[in-house]
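Since the structure comes first, as structure tokens, the remarks are kept for the end.
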Amino acid sequence: MTRTLADGSTTCEQWRLVTSLTDHHRYPASELVELYHERWQAETTYFSIKATLLDGRVLRSRSLDGLDQEVYALLTVYQALIHAAADAAHDRPALDLDRISFTVLLTTAREQAVLAQGIVPAPGPTALVGTIGRVALNALQPARRRLRAKARPRKNPGSKYSPNTGQHPQHAQTYTISTKITYFEKGLATRPRR
């Protein structure tokens with residue numbers, strides 16, 4: 001697989017795919033490799049909670065019950081904002097949810113709470129997309145999905161690890177890994193306890 005990164009450099013990687021999805025027509029390997037790069041979505045969630053919601057602050061409770069309460073509050077706010085994003089994306093069927101900015105959702109929700117505007121819906125039918133969703137739809141991220149890969153930075157020659165210079169191989173080395181997979185049709189026999 002060859003990728004072109006944001007700085008214009010290219011990487012060429014060979015992938016070995018081990019999967020239980022054996023129908024190559026239904027699950028092409030190239031699509032599975034692309035999905036592998038989307039695994040960072042969980043990391044994005046952690047980052048959204050840690051860096052955006054907490055904004056560099058730490059949990060301040062001094063008891064386990066208080067910590068539980070703070071963590072559940074953070075998860076509740078995160079889930080409410082993601083629901084607002086999902087409702088907004090539902091309003092535009094071709095829209096990828098990744099294009100909705102979590103920062104815009106959070107900022108708009110904070111403003112709504114501070115200003116107390118639009119809290120109570122106007123009389124009549126309630127729209128699925130509220131104020132937060134409308135603002136998020138007006139500030140969408142670019143349509144092209146960001147690659148979760150980037151060019152490796154060049155190492156600093158003034159590294160604090162300079163005493164180890166020259167102790168490691170300077171050229172690529174070839175390794176051979178042998179793996180033996182054994183299937184036990186009847187399971188493993190239990191060992192006697194001592």
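The values are calculated or read from the model by the stated rules, or taken from the named source; none is laboratory data. What you are looking at is a predicted structure, and each value in this text was computed from that prediction instead of being measured. Cβ placement follows ideal geometry from the backbone for every residue including glycine, while neighbour counts extend to all protein chains displayed.
Numbers at a glance
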read-out: Residue in the stretch 12-31 that is nearest to I181 (Cα to Cα), counting only those that are hydrophobic (A, V, I, L, M, F, W, C) and surrounded by 10 or more Cβ atoms within 10 Å (Cβ to Cβ); value: L17
read-out: Cβ-Cβ under 7 Å pairs, at least 6 apart or on other chains, the stretch 46-58 side under 14 Å from E70 (Cβ atoms), far side assigned to a helix (DSSP H, G or I) and at pLDDT 85 or above; value: I49/L74; I49/Y78; L53/L74; L53/V77; L53/Y78; L53/L106
read-out: Meets criteria (of a type in the set (A, V, I, L, M, F, W, C) and under 18 Å from Y46 (Cα atoms)) for L95; value: no
read-out: Only listed residue being outside any helix (DSSP H, G or I), under 23 Å from F102 (Cβ atoms) and acidic (D, E), chosen from D87, D55, D7; value: D55
read-out: Hey, D55 exposed (fewer than 10 other Cβ atoms within 10 Å of the Cβ), within 26 Å of Y78 (Cα to Cα) and modelled with pLDDT of 80 or more or not; value: yes
